[in-house]
Ligand SMILES: Cc1ncc(C[n+]2csc(CCOP(=O)(O)OP(=O)(O)O)c2C)c(N)n1
């Protein structure tokens, strides 16, 4: 899907809304294909999937402009797709191929593409947050009009690096939006067991910056919240802590059946599926028809099929290149 991401505007246009819907669909269908590729033993490594969290990735990234940067986590596939990393290079990276966005040396947890505006993801929980503040400092120092969107989970907000990096961004008014995807569990640990405050956004008060909690299963609510935060950052007013309430439908990783979550809880979140909700909203407003939806799905199916076909045939990195493009100490 090569259509450009919509630019940030005061009000979303019909075209932007349809683009956001298709982008969420691409995220979901990518994850579903990857899930089966792993089950079939066709992909190496492990995966942390993001089904259910697409409105966060797409709502946030749709506000970003060319030159802006995102940082991501061990759960990065939807962030990458939403930011516009080509699906072919993403798929090839998961297959550990030389044509992958990190030349096959990163794999699922480290996908990224600086040209597309995504630093390679960092799997160390909280590890991307200082990096985001550092990148935002570079933007400010170089007087570039860009911002950083820094994705992380609620579990990462209990890590020391979060507090140091948010504080530093706050005192220097750095152009960064801290995007916490609160999906209620850090692996098997429920958030209320490890956090006394009700909302992650309350933690913003400690650093004197705005904090906001939004329904992260509504892509437009997420988009407009990000737009407010991004405008603040671009205007030199500093960071915002945006808490996006959402839920992952899959287990934490490939090996996690998620038995620590009540079936009723999972079912109630599935009723708030961000894609089904948006589909309903756009259909009710007569902006998309069932035929459009079927057409979008068929096109994405073909795109994914082609990406898998290419990735399977692509070459692996050469043994003699194993030390190139990596830091060796
Ligand atoms: C510093 C560190 N500790 C532990 C881990 C193992 N680990 C990987 S993901 C994860 C849970 C992270 O939860 P959260 O930040 O809420 O993100 P989510 O998985 O919910 O997207 C843990 C403990 C790690 N990768 N890094």
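Overview of values
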| item | result |
| --- | --- |
| Pair-distance profile P(r), taking every C-alpha pair of region 203-304, with 10 angstrom steps and integer % | 12, 27, 32, 24, 5, 0 |
| Region 1-155 - Rg (one decimal) and Dmax (whole number), Cα, Å | 15.1, 49 |
| Principal axes of region 80-227: Cα extent on each, largest first, Å | 45, 42, 31 |
| DSSP bridge pairs, the chain: antiparallel proportion in percent, nearest 5 | 10 |
| Per-residue Cβ neighbour rank within 10 angstrom, fewest leading, 174, 43, 37, 287 | 287, 37, 43, 174 |
| Burial ranking of peptide ranges 231-237, 152-158 (average Cβ count within 10 Å, highest at the top) | 152-158, 231-237 |
| Neighbour-count ranking [beta-carbon atoms within 10 angstrom, fewest first] of 221, 288, 129, 171 | 171, 221, 288, 129 |
| Inter-probe distance in nm under a simple model that places probes 7 Å from Cα toward Cβ, at residue 327 and residue 188 | 3.3 |
| Packing rank of 84-92, 248-256, where each peptide gets the mean count of other beta carbons within 10 Å, highest leading | 84-92, 248-256 |
| Taking N as its residue count, the alpha carbon Rg of region 112-199 over 2.2 N^0.38 Å | 1.14 |
| Share, in percent, of DSSP beta bridges within region 137-254 that are antiparallel, nearest 5 | 10 |
| Rg and Dmax [Cα atoms of region 248-329; Å; Rg one decimal, Dmax integer] | 20.6, 58 |
| Extension gain (nm, one decimal) between residue 35 and residue 320, 0.36 nm per residue minus Cα-Cα | 99.5 nm |
| Relative contact order (%) - the chain, alpha-carbon pairs under 8 angstrom, separation at least six | 21 |
| Highest-fluctuation residue, 161, 132, 299 considered, GNM on the chain with Cα pairs under 10 Å | 299 |
| Sorted largest first, extent of the chain alpha carbons per principal axis (Å) | 57, 51, 41 |
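Since every read-out is calculated from the coordinates, none of them should be taken as a lab result. Everything quoted here is computed from the prediction, not taken from an experiment. Ideal geometry is used to build each Cβ from the backbone, glycine not excepted, and the neighbour counts take in all protein chains shown.
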